[in-house]
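The block underneath contains the structure these notes are about, expressed in C-alpha cells.
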C-alpha cells in the first residue's frame, strides 16, 4: 500500500504533527469567541492521526529472497531455534531477530508475553501440541553475532515479524549497525506502539527498565 502525503512528503510528516501540537497549545489558551477555530484544528489532527495509524498498519506482501527454515522452538521474544537447511543431516541453529530487544524472560509479564506472541504468530495448536510453521530468514550485512547465532529478519505469511513485535508493543526497537535495512520501519513501528499505548508502552503497566538495565540489576 502506498500512502501519498502530497506536498508534505514522508520526510516532513513528523514536523507537521509537531506543528499541529503547537496549535493545540495555542487553542488551549483562553481566546475571544471571535478567534475560535477549534473545529479546523480537530479536523487536521484527526487526519494526521489516521496517517499514523496507516503507517503503523501497512506492510508489504512481497517477501524478499531469503532462506526458508523450519522453526523448532521459540527460545525468547527475540530468539528462535531452527533447523539448518544448509547442513546434512540438519542441525539446530539459533536465530537472533535483527533490530529488536525483547524483555528478559524474568521481566514479567512482558518477557513471557513476547515469547508467547511469536508462538501464536508462527504456530498452531494441533490436538494438545503446538506446531511451529516454517519462516523465511532475510540476512543483512552482518550475518552472525559474537555467540555464533544467525542475525536475521524473520518473515511469516508476508509479514516482517521483527516489525510486528515492535508495532504491537511486545519488544523495543534496537537498531544496530551495520544491520540497518529496516531501521526506519522499526522506528516508525515503535512510535506507533508508543502513541497507541500498546504492551510495554501501556501507561498503566509500562516497562520501566530496558532489558539491558534489568539484567545489570538482576545478574
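Tabulated data
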| read-out | value |
| --- | --- |
| Residue tally, condition closer than 26 Å to residue 208 by Cβ, in a strand (DSSP E or B) and modelled with pLDDT of 95 or more, over the range 125-184 | 2 |
| From the options 154, 135, 131, residue that is touching a strand residue (DSSP E or B) at 6+ places or on another chain (Cβ under 9 Å) and farther than 13 Å from residue 80 by Cα | 131 |
| Single residue of 135, 171 found to be in contact (Cβ under 8 Å) with a residue 12 or more places away in the chain, in the same structural domain as residue 79 (by TED's automatic domain parsing), buried (at least 17 other Cβ atoms within 10 Å of the Cβ) and over 16 Å from the mean Cα position of the chain (by Cα) | 135 |
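The values are calculated or read from the model by the stated rules, or taken from the named source; none is laboratory data. The shown structure was predicted, so the numbers you read here are calculated from the model rather than taken from an experiment. Neighbour counts run over all protein chains shown; Cβ positions are idealised from the backbone, glycine included.
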